[in-house]
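J.: Let me give you the structure first, and then I'll get to my questions.
The values are calculated or read from the model by the stated rules, or taken from the named source; none is laboratory data. None of these values were measured; they are calculated from a predicted model. Cβ placement follows ideal geometry from the backbone for every residue including glycine, while neighbour counts extend to all protein chains displayed.
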């Protein structure tokens, strides 16, 4: 090979090398920038996002001020308190006196919401709609005349009325009113209710399919 040909070949190799350098350098800078941004994004505190599907009528968590999740509850001497997450329950337990006003506000909203009685306040059994008494908390149903009599002896007081009610009023499968006879316990003191045995069985087969129907009633989570 002559000297001119060797010089031409050398310049061609150098040109290809310089071209590759010009291409890879910007790509390296971009990749590094994305990596740095990712690290800072990971370190930054996440911004709480309220599920857009949550209904506007839900009362607020007394700690986090987000709509409550009816599966996150705490039974106290002042009644049942609902929260948005387990972390808020722990914060409340650490200093309950700090949240008295917020709890009162939540209870005021709950008192106006539709609800369904699902248990006798004395025995915890299914109530019998033929046995009821008028109380300060409204008409209360009992499972037997014995329980009604015991309630009357103790006076007109329901220290924890929310414990025998559910704010889930419609079946997530059919959309019809619930029947407390048909229920699936999903958590301590929390159940999902249905209108019939058929709907309960359909829910058991594919619970995720009915997730949105429960979210619209304030029941969130995977059951």
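J.: Can you name every residue in region 42-86 that is over 20 Å from residue 215 (Cα atoms) and at pLDDT 95 or above?
T.: Answer for region 42-86, where residues must be over 20 Å from residue 215 (Cα atoms) and at pLDDT 95 or above: just 63.
J.: Does any residue in region 100-115 that is under 18 Å from residue 165 (Cα atoms) come within less than 7 Å, Cβ to Cβ, of a residue that is assigned to a helix (DSSP H, G or I) six or more places away or on a different chain, and which pairs are these?
T.: 110/162
Conditions tested, residue by residue: (1) in a helix (DSSP H, G or I); (2) touching a helix residue (DSSP H, G or I) at 6+ places or on another chain (Cβ under 8 Å); (3) at pLDDT below 95; (4) under 27 Å from residue 133 (Cα atoms).
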residue	(1), (2), (3), (4)
157	no, no, yes, yes
162	yes, yes, yes, yes
172	no, yes, no, no
175	no, yes, no, no
183	no, yes, no, yes
186	no, no, yes, no
192	no, yes, no, yes
211	yes, no, yes, no
